[in-house]
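**Q** I'd like to ask you about the structure that follows.
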Amino acid sequence: HLVEPVEKNANICKSIRKNSTVHHGALVPKDYAEKYITGPFDDKVINREGRDLMTGLSNKSKALNSEFIKKVPALKMSDILNSIENPERIGFLSLDIEGGEDLILKEIDFDIFKPRIIMVEVRPETK
């Protein structure tokens with residue numbers, strides 16, 4: 001399963017990752033009550049060469065640039081994991097969700113879901 005908030009990227013992933021389930025949306029904590037979340041998820045954040053135009057910008061700068069803001073489905077990790085037929089056979093779990101990795105990791109029941117390898121993006125704390 002792959003979760004991608006930028007619709008253009010989700011569609012590319014669907015076309016090249018034939019054996020993966022690709023979800024268009026953004027991961028949110030389990031207590032998030034809304035069906036959608038707003039953020040810098042517009043297709044314009046990716047240029048023609050596939051480069052992320054937001055790389056290097058602070059979260060504050062991203063949030064202030066309304067040109068890139070888009071509403072996407074809010075997806076919960078628990079719902080995605082619960083849809084997996086053999087949760088004990090997860091080979092690889094990668095989290096890169098722009099600073100929310102610790103929140104999502106805390107919500108995973110590792111007694112049920114047992115990924116063999118976990119890769120988490122770690123960023124230095126910013127003020």
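The values are calculated or read from the model by the stated rules, or taken from the named source; none is laboratory data. In this text the structure is predicted, and so the values were computed from the model without any measurement. Cβ atoms come from the backbone with ideal geometry, glycine included; neighbour counts cover every protein chain shown. The area values use the complete protein model at the heavy-atom level, side chains included, leaving out ligands, DNA and RNA. Shrake-Rupley method; radii C 1.70, N 1.55, O 1.52, S 1.80 Å.
**Q** Testing Asn59 on (1) open to solvent by 50 Å² or more (accessible area, probe 1.4 Å); (2) in contact with a helix residue (DSSP H, G or I) (Cβ under 6 Å, 6 or more places away or on another chain); (3) modelled with pLDDT under 75, one condition comes back false. Which one is that?
**A** Single failed check for Asn59: (2).
**Q** Give all pairs with beta carbons closer than 8 Å in which a residue from the stretch 25-36 that is more than 17 Å from Ile69 (Cβ to Cβ) meets a residue that is of a type outside the set (Phe, Trp, Tyr) and part of a loop (DSSP other than H, G, I, E, B); count only pairs at least 6 apart in sequence or on separate chains.
**A** Close Cβ pairs (under 8 Å, with a partner that is of a type outside the set (Phe, Trp, Tyr) and part of a loop (DSSP other than H, G, I, E, B)) amount to Leu27/Ile97; Leu27/Gly100; Pro29/Gly100.
**Q** When both residues are 6+ apart or on different chains and their Cβ atoms are under 6 Å apart, which pairs have a first residue that lies in the stretch 78-89 and is farther than 22 Å from Glu101 by Cβ, and a second that is at pLDDT 75 or above and not in a helix (DSSP H, G or I)?
**A** Taking only residues 6 or more apart or on different chains, the pairs are Glu88/Lys114.
**Q** Please list, ordered by first then second residue, the pairs with beta carbon atoms under 6 Å, 6 or more apart or interchain, first in the stretch 10-24 and of a type in the set (Gly, Ala, Ser), second at pLDDT 90 or above and not in a loop (DSSP other than H, G, I, E, B).
**A** Pairs found: Ala10/His24.
**Q** So which residues in the stretch 90-108 are in contact (Cβ under 8 Å) with a residue 12 or more places away in the chain and out of contact with any strand residue (DSSP E or B) (no Cβ under 6 Å at 6 or more places or on another chain), if there are any at all?
**A** Of everything in the stretch 90-108, those that are in contact (Cβ under 8 Å) with a residue 12 or more places away in the chain and out of contact with any strand residue (DSSP E or B) (no Cβ under 6 Å at 6 or more places or on another chain) turn out to be Ile90, Gly91, Asp96, Glu98, Gly99, Gly100, Leu103, Leu105, Glu107, Ile108.
**Q** Please go through the stretch 5-36 and give me each residue that is modelled with pLDDT of 85 or more, open to solvent by less than 40 Å² (accessible area, probe 1.4 Å) and β-branched (Val, Ile, Thr), ordered by number.
**A** Within the stretch 5-36, Val22, Val28 meet the criteria.
**Q** Now a separate question. Assuming Val45 fulfils every condition listed in (1) in contact with a helix residue (DSSP H, G or I) (Cβ under 6 Å, 6 or more places away or on another chain); (2) modelled with pLDDT of 70 or more apart from one, which condition is it?
**A** (2)
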